[in-house]
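K.L.:
My questions will all concern the structure given below.
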Amino acid sequence: MRVVILGSGRGSNAEALLAAQQEGRLGDARVVQIFSDHAEARILSLGPRFCVPAEFLDPGPFKTKFDAAGEERYVRAIRKCAPDLVVLAGFMRILRPSFVDAFPQGIINLHPSLLPSFPGLDAIGQAWRRGVKITGCTVHRVTSDVDGGPIIDQAAVPITPEDTIETLEAKVHAAEHALLPTVVARLSGLNA
Ligand code: GAR
């Protein structure tokens, strides 16, 4: 199963996927390409480290969405990789229905809350400020309904009185690093 990763920043979840692949924990899934919408993003440094092509692609002038030319650039470049699965690992851009429809084989997204609670930006901060006692992370199928597609799997993270926002962030990220490779491995089995 050919996997293309899109990410905007640190890339710790892309790194977790690549490490799982290296350790033989990703089933038949193989990351074939990383694209980022930020030229300086750390996620791009994973390419040389893991021998996977990694490339900045210009998304256009907007901060949180594509313009028509940017979307076309992404669709064309991703299609060239012939992916069976597109993984959004910290890709901070809203996708229009035309982008989602371009990849009927499937796009999945990782989100740092137990959806449908706390969609959108700063999900960990939202959960922290609301005072919930359990939060977590979600992998869901991407539809044009932002953070609203069918849920594939979730991991729960309890918030204890000892937690700070920093320890909570670390716990949610650790849960994500376990959940995403598990889901991709499972999907690779289904697609085999
Ligand atoms: C992750 O926590 C991911 O869930 C979140 O961005 C972070 C990326 O971290 N995604 C969203 O909030 C999407 N709505 P990473 O670059 O270290 O993988």
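All of the numbers you see were taken from the coordinates with simple rules; none came from a lab. Fair warning: this is a prediction, and the values are worked out from it, not measured in the lab. So basically every Cβ, Gly included, is an ideal-geometry build from the backbone, and we count neighbours across all protein chains shown.
K.L.:
Restricting to the range 125-143, count the residues that are assigned to a helix (DSSP H, G or I) and out of contact with any strand residue (DSSP E or B) (no Cβ under 7 Å at 6 or more places or on another chain).
P.N.:
5
K.L.:
So which strands (runs of 3 or more DSSP E) are wholly in the range 24-105 and hold at least 1 residues that are free of Cβ contacts under 8 Å to residues at least 24 places away in the same chain and small (Gly, Ala, Ser)?
P.N.:
Once the strands (runs of 3 or more DSSP E) in the range 24-105 are filtered for at least 1 residues that are free of Cβ contacts under 8 Å to residues at least 24 places away in the same chain and small (Gly, Ala, Ser), what remains is 54-56.
K.L.:
Here's something else I'd like to know. Could you look through the range 115-135, keep only residues that are surrounded by 15 or more Cβ atoms within 10 Å (Cβ to Cβ), within 15 Å of the chain's Cα centre (by Cα) and touching a residue at least 24 places away in the same chain (Cβ under 8 Å), and pick out the one that is farthest from Phe91 (Cα to Cα)?
P.N.:
The selected residue is Leu115.
K.L.:
Please verify whether Gly106 is more than 15 Å from the ligand (Cβ to nearest atom), of a type outside the set (Val, Ile, Thr) and either within 19 Å of Ser144 (Cα to Cα) or touching a strand residue (DSSP E or B) at 6+ places or on another chain (Cβ under 7 Å) (or both), treating the condition exactly as stated. Don't jump to the end; show me each part of the working.
P.N.:
Numbers: more than 15 Å from the ligand (Cβ to nearest atom): yes; of a type outside the set (Val, Ile, Thr): yes; either within 19 Å of Ser144 (Cα to Cα) or touching a strand residue (DSSP E or B) at 6+ places or on another chain (Cβ under 7 Å) (or both): yes.
Against the criterion (more than 15 Å from the ligand (Cβ to nearest atom), of a type outside the set (Val, Ile, Thr) and either within 19 Å of Ser144 (Cα to Cα) or touching a strand residue (DSSP E or B) at 6+ places or on another chain (Cβ under 7 Å) (or both)), Gly106 qualifies.
K.L.:
Mind checking which residues of the range 72-100 are away from the ligand (no atom under 16 Å from the Cβ) and surrounded by 18 or more Cβ atoms within 10 Å (Cβ to Cβ)?
P.N.:
Listed by number, the residues that qualify are Tyr74, Ile78, Pro83, Asp84, Leu85.
K.L.:
On the given criteria, is Thr182 of a type outside the set (Phe, Trp, Tyr), more than 11 Å from the ligand (Cβ to nearest atom), more than 28 Å from Lys65 (Cα to Cα) and in contact with a Lys or Arg (Cβ under 9 Å, 6 or more places away or on another chain)?
P.N.:
So Thr182 passes the test.
K.L.:
From Val139, Val146, grab the single residue that is out of contact with any Pro (no Cβ under 8 Å at 6 or more places or on another chain) and within 27 Å of Arg186 (Cβ to Cβ).
P.N.:
Unique residue meeting the criteria: Val139.
K.L.:
Out of everything in the range 1-23 that is touching a residue at least 60 places away in the same chain (Cβ under 8 Å) and assigned to a loop (DSSP other than H, G, I, E, B), what residue ends up being farthest from the chain's Cα centre (by Cα)?
P.N.:
Among them, the one singled out is Met1.
K.L.:
Restricting to the range 149-192, count the residues that are assigned to a helix (DSSP H, G or I) and more than 15 Å from the chain's Cα centre (by Cα). Walk me through it before giving the result.
P.N.:
Pass one, the range 149-192, residues assigned to a helix (DSSP H, G or I): 165-191.
Pick out the ones that are also more than 15 Å from the chain's Cα centre (by Cα) and you get 165-171, 186, 188-191.
Residues that pass the stated criteria total 12.
K.L.:
Which of (1) surrounded by fewer than 16 Cβ atoms within 10 Å (Cβ to Cβ); (2) part of a helix (DSSP H, G or I); (3) within 11 Å of the ligand (Cβ to nearest atom) is the odd one out, the single condition Val146 does not satisfy?
P.N.:
Evaluating Val146 over (1) surrounded by fewer than 16 Cβ atoms within 10 Å (Cβ to Cβ); (2) part of a helix (DSSP H, G or I); (3) within 11 Å of the ligand (Cβ to nearest atom) leaves (2) as the failure.
K.L.:
So is Asp37 surrounded by 13 or more Cβ atoms within 10 Å (Cβ to Cβ), within 18 Å of the chain's Cα centre (by Cα) and among the acidic types (Asp, Glu) or not?
P.N.:
Yes.
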